[in-house]
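Beneath this line is the structure, given in structure tokens, with notes to follow.
Only the coordinates and a few stated rules stand behind these numbers; no lab work does. The structure presented is a predicted model; accordingly, all values stated were derived computationally and were not measured. Backbone-built Cβ (ideal geometry, glycine too); neighbour counts: all protein chains shown.
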There are 2 protein chains.
Amino acid sequence: MADTSGKPDNGSLPAPDGEPDPLAILPGYTLRRAANAMMAELGTLLSEVDLRVSEASILLLIDGRDTMTSSQIGTALDIRSANMAPLIGRLVTRGLVERVPLDGKSMAIILTVEGEATLHEVRRITQTFEQDLLQRIPTEHRDHFVPALNALWR
Amino acid sequence: MADTSGKPDNGSLPAPDGEPDPLAILPGYTLRRAANAMMAELGTLLSEVDLRVSEASILLLIDGRDTMTSSQIGTALDIRSANMAPLIGRLVTRGLVERVPLDGKSMAIILTVEGEATLHEVRRITQTFEQDLLQRIPTEHRDHFVPALNALWR
DNA sequence: TGTATTTGACTATCTTCGATACGAATAAGA
DNA sequence: TCTTATTCGTATCGAAGATAGTCAAATACA
């Protein structure tokens, strides 16, 4: 209805001459595009160690901990337990982590020796990636990037 | 999702002495989490008009244009033509857009009257969403948000 | 103690977005 | 004309995420 917004309303007149994308000024749209681009790139980098982004996240998270259960990992990474099961399963199959019973019900997910070696590669890849990502952001915006993003979900 | 509230649920994670989440300072990780949270929220909002985010993007893009082909839309939104086909197909089935032959090979995708009415709702929803999104970002970071994101894919 | 509820791990299946691979038809060029 | 490239479309796959529901262990409680 009546746009009560005080933002630049270019809605009904998109100026179809030279502007290829009227969505580019929308924060939500740019957020999606940027995230897609970055995740695709990270996915390509991680294919070197045959890991998906979510799998690499798990390895990074459980490093140095020996009592983290599948559900705790899921809570930390916001992954449902139904989706954790096959994720952990693949890591177990590949010998990167193992399930260790904590009690008769809970299982701790811990890195194997091979998992630690792979994690080392993952660290190398992600650190380079994160550095490159920040480098692409103009210096005057760089320090605002993570705080702004964190305000959207933390 | 269901975690947009600032509740203190991390009793299971290490205390604030060490680090509650070693991934939270990674730009790529925060980017993904923020984008996921925002897109889930927008998806929920758009379910009111039974549209997915990508479908709503198409409507927003083609408004006011009458010679945009499926492949041009795909180029603008970075959607492969193979994925455009079912997307446009659903919009056609719902009577929101129609295919108009341009030259025997190319088809222009244009809004129907009903599509324009729906687009009006979409604008209302997305403008509120975009405004809320920006509001959540602390003022000192807000102006840096879109420029920083655009540097990652434009 | 016995019963009921909650929790942890898991299976099966669905949805959304995105990517390939390929085919058919038209347009454009050698 | 014959070949190549473009456009639109099919079918299929993959990653991430969501629901529903099973099952057994753990916990709460009357």
Net charge contributed by nearby residues that have their C-beta within less than 14 Å of residue B:118 (K/R +1, D/E -1): -3
Could you work out the equivalent-ellipsoid semi-axes for the protein assembly as shown, taking the square root of 5 times each eigenvalue of the Cα gyration tensor, largest first, in whole Å? 40, 22, 19
Relative to the other copies, what are the label-point distances for residue A:86, with labels 7 Å from Cα along the C-beta vector, expressed in nm at one decimal and sorted shortest first? 1.6
In degrees rounded to 10, the 0-90 angle between helix A:53-62 Cα long axis and the longest Cα principal axis of chain A is 50
Which residues in segment B:86-114 place their backbone N less than 17 Å from a point set 7 Å from the Cα of residue B:71 along the Cα-to-Cβ direction? B:86, B:88, B:100-109
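All other residues with a Cβ under 14 Å from the Cβ of residue B:89 taken together, and with Lys, Arg as +1 and Asp, Glu as -1, what is their net charge?
+2
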Looking only at other chains, what is the average number of their beta-carbon atoms within 10 angstrom of each beta-carbon in B:90-99? 0
Other-copy label distances relative to residue B:139, 7 angstrom Cα-Cβ extension, nm: 2.8
Averaged over A:50-61, how many beta carbons belonging to a partner chain fall within 10 Å of each residue's beta carbon? 1
Which net charge results for the neighbourhood of residue B:137, defined as the other residues with beta-carbon distances under 13 angstrom from its beta-carbon, given Lys and Arg at +1 and Asp and Glu at -1? -1
Nearest-first distances (nm) between copies at residue B:153, label 7 Å from Cα via Cβ: 1.5
Between residue B:106 and residue A:123, with labels modelled 7 Å along Cα→Cβ, what's the label distance in nm to one decimal, could you check? 5.4
In peptide B:37-43, how many Cβ atoms from other protein chains are near each Cβ within 10 Å, on average? 4
